[in-house]
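Here the structure is laid out as structure tokens; the discussion comes afterwards.
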């Protein structure tokens, strides 16, 4: 595998930012690794960070590079700070950056497939919300999306003062319910549409402080016709749980056996 820490300028954000990228590399003599490269354009997992983290965190807290080595897929991990993957009411346009600019920039730098069936998105906590929001808003872009311990109920205004500050900076004073930032509304719209629908995966630890909100979204998904997988087990909001569950996500992804996406 090749590991690239990529610093670049975003026209959307009007500032320099970063992404961490893992690219497949076929090797035969590397001890302890089974590296695989499939075709010329790599299937790609966009892997999103949580609120207190950055684009390096998945690499630092899990063995994601080792887990994807034998799968022949690229992993793109962008940086969005504490934006909740939104065009912030009082901040920058991170949703536009993520959903429009980032894929184009990443594909201009690296040999990544632009085929829907070769693109997937996943994330933890705030990133779980971002992953499902991206896939449900733009179902023509992704074959599958996964949330690990996601902060999925953004219509609920937090009571904690610090979290309330972030919430106001992100969403302003207008209600989230029924808007493009409301996962429950996006789920309903995607389910009702005649277009493509991504596979969805959701998991959460039963001792996680976000567990009840995850149950609400699980039940909403079960009322739809979406291809939906839900898993729960004992666990809290911590990296040991996410390191285990990202392996389950990778096993669940509808990866192509062979890739030739020129």
What do you get for the angle between helix 211-222 and the principal long axis of the chain? Use alpha-carbon atoms, 0 to 90 degrees, nearest ten. 80 degrees
Checked against the structure, the computed Cα extents along the principal axes in Å among (i) 56, 48, 42; (ii) 55, 40, 39; (iii) 66, 41, 30 is the one labelled (ii)
At a Förster radius of 35 Å, what calculated FRET efficiency corresponds to the Cβ-Cβ distance of residue 7 and residue 156, to the nearest 0.05? 0.45
Per the Kirkwood definition applied to all pairs of different Cα atoms, how many angstroms is the hydrodynamic radius of the range 1-124? 15.0 Å
Can you tell me how much longer the chain between residue 168 and residue 251 gets when fully stretched, taken as 0.36 nm per residue apart minus their C-alpha distance, in nm with one decimal? 26.1 nm
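Full extension from residue 116 to residue 193: what is 0.36 nm times the residue separation minus their Cα-Cα distance, to one decimal in nm?
That works out to 26.0 nm of additional length.
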Cα-based helix-to-principal-axis angle, 239-252 vs the chain, degrees rounded to 10: 70 degrees
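Once you have the Cα-Cα distance between residue 224 and residue 34, take 0.36 nm times their residue separation minus that, and quote the gain in nm to one decimal.
Net length gain for the segment: 64.5 nm.
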To the nearest 10 degrees, the tilt of helix 183-192 (Cα long axis) against the first principal axis of the alpha carbons of the chain is 70 degrees
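Values quoted throughout were computed directly from the atomic coordinates according to the rules given, and no laboratory measurement underlies them. As the structure is a prediction and not an experimental result, all values here were calculated from the model. Positions of Cβ are backbone-derived with ideal geometry, glycine not excepted, and every protein chain shown enters the neighbour counts.
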